[in-house]
Amino acid sequence: MTIELRPLTAADAEAHCAGEDELTVRWLTGGYGDVDGTIEYFELLAGNADRGVGKRGLGIWKSGRLAGYIDYTPDLDDGLEPDDVALAYAVHPWARGQGVAVEALGLLCDILRADNIGTRAAIRVEPDNVASVRVAQKAGFRYVRDFPSNRDTQPDGTPTTFSLYLLDL
């Protein structure tokens with residue numbers, strides 16, 4: 001399988017939006033994006049990357065086609081230690097079940113190591129998101145604990161419970 005990570009640009013916004021489905025909305029975004037808003041978001045991520053601060057995101061490409069999205073946040077404190085780097089990802093429906101997320105996580109961890117960002121990669125996943133739990137496990141992350149979020153909530157207003165998976169960088 002040929003997977004690569006690269007920065008997302010305005011030219012990728014339409015394909016990115018087309019790859020969103022109910023699972024992406026449920027587990028990651030909370031709503032469907034539009035092209036203009038997605039371009040703005042990609043520009044924000046690029047600016048963060050240029051400044052070396054905040055969340056930074058990359059496209060996941062499989063055989064030259066946009067297959068998903070992965071990001072990392074070095075300064076998220078919700079359930080994490082100061083040197084933990086939070087990772088999040090979504091794979092487009094056509095590319096699911098092919099090991100794309102596992103390989104993308106490995107590539108992103110290589111980038112974090114090379115750039116000396118953080119000491120541990122962290123995946124915060126809702127326990128009911130069985131597919132992402134499997135991805136974390138297959139990528140070598142170890143389960144640490146469940147915790148209530150101090151910033152994310154369920155539709156009824158209760159804190160979201162996350163399972164924390166860590167991988168030493």
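What follows is calculated from the coordinates using simple rules that are stated; it is not laboratory data. Computed from a predicted structure; not experimentally measured. Backbone-built Cβ (ideal geometry, glycine too); neighbour counts: all protein chains shown.
Rg/Rh, computed from the Cα trace of region 48-169 with Rh as the Kirkwood radius, has the value 0.95. Summary of packing: across the peptides 120-128, 44-52, 7-15, the per-residue average of other C-beta atoms within 10 Å ranks them, highest first, as 120-128, 7-15, 44-52.
Projected label points at Ser63 and Leu169, each 7 Å from Cα along the beta carbon direction, are separated by 3.2 nanometres. Multiplying the residue separation of Asn116 and Val53 by 0.36 nm and subtracting their alpha-carbon distance yields 21.3 nm. Per the Debye formula on identical point scatterers at the alpha carbon atoms of region 2-114, with no solvent, log10 I(q)/I(0) at q = 0.16, 0.18 Å⁻¹ is -0.73, -0.93. Put simply, the convex hull of the Cα atoms in region 96-153 casts, on average, a shadow of 4.9 nm². Given the Cα-Cα distance of Gln137 and Thr9 and 0.36 nm per residue of separation, how much length would full extension add, in nm? That works out to 43.0 nm of additional length. Among DSSP beta bridges whose residues both lie in the chain, state the antiparallel percentage, nearest 5. Just about 90 percent of them are antiparallel.
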